[in-house]
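S.K.: Right, I'll just put the structure down here and ask away after.
The values are calculated or read from the model by the stated rules, or taken from the named source; none is laboratory data. Here the structure is a predicted model, which means the values were calculated and not measured. Methodologically, a virtual Cβ is constructed for each residue, glycine included, from the backbone with ideal geometry; neighbour enumeration extends over all protein chains shown. SASA here: full protein model, heavy atoms, side chains in, ligands and nucleic acids out. Shrake-Rupley method; radii C 1.70, N 1.55, O 1.52, S 1.80 Å.
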Amino acid sequence: MTAINPYFKIFFGLAFILLGLGYIYRPEIIERTNRLIRDTVLNDSYVALHRKNWGFMLLLLGGLLVYMGL
């Protein structure tokens, strides 16, 4: 197995920094994005219909990441 690409870490690090700055300086943009995502992807009917699929996928992903980390 290879380690995670450093560019991948840099990309997500910068994305988290920009998100943090957005929460501090422009919360209305973050709130608008959050509302859009909540209304389209994370609406209650979608979550209720696909909760087991999402749960199983997250368990597999978490197990894989723990295995890779150890």
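S.K.: Work out the length of the dipole vector of the chain about its Cα centre, built from +1 on the beta-carbon of each Lys and Arg and -1 on the beta-carbon of each Asp and Glu, and round it to the nearest 20 debye.
M.R.: 60 debye
S.K.: Can you send over the solvent-accessible area of residue 38, 1.4 Å probe, protein chains only, in Å² to the nearest 10?
M.R.: 120 Å²
S.K.: Moving to a separate point now. Can you compute 3J(HN,Hα) from phi for each residue in the stretch 25-34, using the Karplus curve 6.51 cos²θ - 1.76 cosθ + 1.60 with θ = phi - 60°, rounded to whole Hz and x for Gly and Pro?
M.R.: Each residue of the stretch 25-34 in turn: 9, 9, x, 5, 5, 5, 5, 5, 5, 4 Hz.
S.K.: Moving to a separate point now. In whole Hz, with x marking every Gly and Pro, tabulate ³J(HN,Hα) for the stretch 49-66 from phi via Karplus 6.51 cos²θ - 1.76 cosθ + 1.60, θ = phi - 60°.
M.R.: Going residue by residue, I get 6, 10, 5, 5, 5, 5, x, 5, 5, 5, 5, 5, 5, x, x, 4, 5, 5 Hz, with x marking Gly and Pro.
S.K.: How many times 2.2 N^0.38 Å is the alpha carbon radius of gyration of the chain?
M.R.: 1.47
S.K.: Now a separate question. So if each residue of separation counts as 0.36 nm, and I subtract the Cα-Cα distance between residue 67 and residue 40, what length gain in nm does that give?
M.R.: 6.4 nm
S.K.: Once phi is turned into ³J(HN,Hα) by the Karplus curve 6.51 cos²θ - 1.76 cosθ + 1.60 with θ = phi - 60°, what whole-Hz value does each residue of the stretch 14-22 show in order, with x for glycine and proline?
M.R.: Whole-Hz 3J(HN,Hα) from phi for the stretch 14-22: 5, 4, 5, 5, 5, 5, x, 5, x.
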